[in-house]
């Protein structure tokens, strides 16, 4: 005869469903607030796609992301590098790693850090956060400012806690935003993100 009565599995199922619902809700917020832009995680002496590029001479035009970053237009290369840096911050659960991706005082940066902090406070991280650029259009460009219209979608992400995968998060549909970038300290950073 058991010392304890059998446990009702319903509360455990409800708890799992609640966690899954919270994760899905958080991902929806993540996807909604996800920003596409450019910034820096690399040291100031390093050069890479997020480093300043000379203004292009071509007229603003829609460009689809090329398969290889080396063949991509500067805007696409910068956005891809930014996405990779942001994905690294989310995988580590470290809001401080997001700070150099944005200009000081950027509302988009504050939202992104607050959202990551909320996940980290619950012991959650997001691994394999992958964003696919569908289209990038240069609306305005000067030596130290870019305004881009970006259409993208999150194509992969999985929640994890204490090194244990909790499962993939849902993909989102294409989203179009206007992204404002500023060149600071030789690096492109997001200053604002607005719905297109």
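What follows draws every value from the coordinates through simple rules; no lab data is involved. Source: prediction; values computed, not measured. Positions of Cβ are backbone-derived with ideal geometry, glycine not excepted, and every protein chain shown enters the neighbour counts.
Using r as the Cβ-Cβ distance of residue 140 and residue 165, and R0 as 45 Å, what FRET efficiency do you calculate, to the nearest 0.05?
On the way: r = 42 Å, r/R0 = 0.94.
Step by step, r from the Cβ atoms, then E = 0.60.
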> Which part of the range 172-196 falls in the paramagnetic zone of residue 96, meaning amide N under 13 Å from the point 7 Å along Cα-to-beta-carbon?
Replying inline: none
> Expressed as cubic angstrom per residue, what is the convex hull volume of the alpha carbon set of the range 129-196?
Replying inline: 112
